[in-house]
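Here, each number is a calculation from the coordinates, and none is a lab measurement. Since the structure is predicted, the reported quantities are computational estimates derived from the model, not experimental observations. Positions of Cβ are backbone-derived with ideal geometry, glycine not excepted, and every protein chain shown enters the neighbour counts.
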């Protein structure tokens, strides 16, 4: 998914007339550049429960490969999904792969439940 997103971004940047080889922006290189700058690459996966049903049967293999890639490249992943999806998806993660928040969501694999923002929080997020 990261590679596909980088390729799409590269096409957009190239179409805008930017010089440079966009093919060199591989997920591994971007993760290395982020790590070299002192911060890990943070990948956001939003709404994985909306994936095409044909892909759902590959979730276990995808999770294993993704956790391996994240560890090898020093990257981190944030997943934004519904609790009913995380109940299954989070359980696929190997021990030690998930962040354990101080106040985890109940009855789920380790997760930080995020609810709607208050008006003040929404304003701060827009800043």
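Some observations on this one:
- Pairwise FRET efficiency - residue 113 versus residue 33, Cβ, R0 = 35 Å, nearest 0.05: 0.65
- q = 0.10, 0.14, 0.18, 0.20 Å⁻¹: log10 I(q)/I(0) that the Debye formula gives for the chain, counting C-alpha atoms only: -0.42, -0.81, -1.18, -1.28
- For 24, 14, order by how many other beta-carbon atoms lie within 10 Å, fewest first: 24, 14
- Over segment 40-126, relative contact order from alpha-carbon pairs under 8 Å, at least 6 apart, %: 29
- Equivalent ellipsoid semi-axes, segment 1-73, via Cα gyration tensor eigenvalues times 5, rooted, Å: 25, 18, 10
- Take the Cα of residue 122, step 7 Å toward its Cβ, do the same at residue 71, and the gap between the two points is 4.1 nm.
- Spin-label zone in segment 74-102 - amide nitrogen under 13 Å from a point set 7 Å from the Cα of residue 49 along the C-beta vector: 80-90
- Stretchable slack from residue 14 to residue 56, in nm (0.36 nm times residue separation minus alpha-carbon distance): 11.8 nm
- A Förster radius of 30 Å combined with the Cβ-Cβ distance from residue 7 to residue 92 puts the calculated FRET efficiency at roughly 0.70.
- The GNM of the chain, with springs linking C-alpha atoms under 10 angstrom apart, assigns the highest mean-square fluctuation among 116, 61, 36 to 116.
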